[in-house]
1. Run lengths n ≥ 4 of DSSP H only: what is the helix-derived mean residue ellipticity at 222 nm for the chain, with -39500 (n - 2.57) per run over all residues, to the nearest 500?
2. Which FRET efficiency value, to the nearest 0.05, is calculated for A155 and Q96 with the Förster distance at 45 angstrom and r the Cβ-Cβ distance?
3. For the stretch 28-101, what does the accessible surface come to per residue with a 1.4 Å probe? Please give it in Å².
4. Can you work out ³J(HN,Hα) from phi for every residue in the stretch 26-39, in order, using Karplus 6.51 cos²θ - 1.76 cosθ + 1.60 and θ = phi - 60°, giving whole Hz and x for Gly and Pro?
5. Per-residue counts of other Cβ atoms within 10 Å, averaged by peptide: what ranking do you get for 89-98, 48-57, highest first?
6. How high is the relative contact order of the stretch 1-126? Use alpha-carbon pairs under 8 Å, at least six apart in sequence, and give a whole percent.
7. Taking the Cα centre of the chain as the origin, how large is its charge dipole in debye, to the nearest 20, when only Lys and Arg (+1) and Asp and Glu (-1) carry charge on their Cβ atoms?
8. Ignoring any ligand, DNA or RNA, what whole percent of the accessible area of the chain comes from carbon and sulfur when the probe is 1.4 angstrom?
Amino acid sequence: MAVLFISDLHLSSSRPGINQVFFQFLRERALRAPDLYILGDLFEYWAGDDDIGDPFNAQVVAALAECARGGTRILVMHGNRDFLFGPAFAQASGAQLVDDPVVLDLFGKKTVLTHGDALCTDDREYQAFRAEVRSESWKRAFLAQPLTERKQRIAALRARSEIEKKRKPAEIMDVNTGAVETLLRAHGYPRLIHGHTQRSQTLPSTRCSCRAGRWVWPWIRRG
């Protein structure tokens, strides 16, 4: 049976097309799989588990829970847009939150899963920002703010990010080859599956200077 991987759907109420594809995927294809891995950025943003009551968020969470009740194990990794997923989200959706990276045996092949943003080491500004917002102290302070203020701050950060992306070369925002090799070397050169860059591809060892394949999963894919 296939193990399914999806990432970077960036679901939001403003994107009804992809939302419907996702809901259909959960009702049909995902129910026939033992495991579904969501490798980050399921939502366009997640302001905190107290936003589960938002009508769109509640619809997505309910769809995940229905799939989980059908027997599919759903494993969710934090992305750069939804790193604030917490225990309440996991309980409501029936999903299990997993570390980044996570190592598993996938049909006899050692495999490393990661969202992928930590591999974009050439973008030093982003890595500094990532380290700040992933700290427990930052998350506690941010989640202590009223939900409306959090959403306003997220909107401002997204607007700034869009401006910054226009001035940065695409190569800087892609994964760094050395970072990929370092990760794979640390785990004995397994297969690597990640998202984030949103450039669907399967790269042989010669492209990542290592003895393992690198698979990029930017949307709905199956393994």
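The values are calculated or read from the model by the stated rules, or taken from the named source; none is laboratory data. In this text, all values refer to a predicted model and were calculated from it rather than measured experimentally. Using ideal geometry, Cβ is built from the backbone for each residue, glycine included, and neighbour counts are taken over all protein chains shown. Each accessible area value is taken on the protein alone, full model and side chains, heavy atoms only, with ligands, DNA and RNA left out. Shrake-Rupley method; radii C 1.70, N 1.55, O 1.52, S 1.80 Å.
1. Per the formula, -12000 deg cm²/dmol.
2. With a Förster radius of 45 Å, E is 0.90.
3. On a per-residue basis, 38 Å².
4. With coefficients 6.51, -1.76 and 1.60, one gets 5, 6, 10, 4, 5, 5, 9, 10, x, 9, 10, 9, 10, 8 Hz.
5. Per-residue Cβ counts within 10 Å, averaged per peptide and sorted highest first, yield 89-98, 48-57.
6. Here the relative contact order equals 24 percent.
7. So the magnitude is around 580 debye.
8. Carbon plus sulfur share of accessible area: 53 percent.
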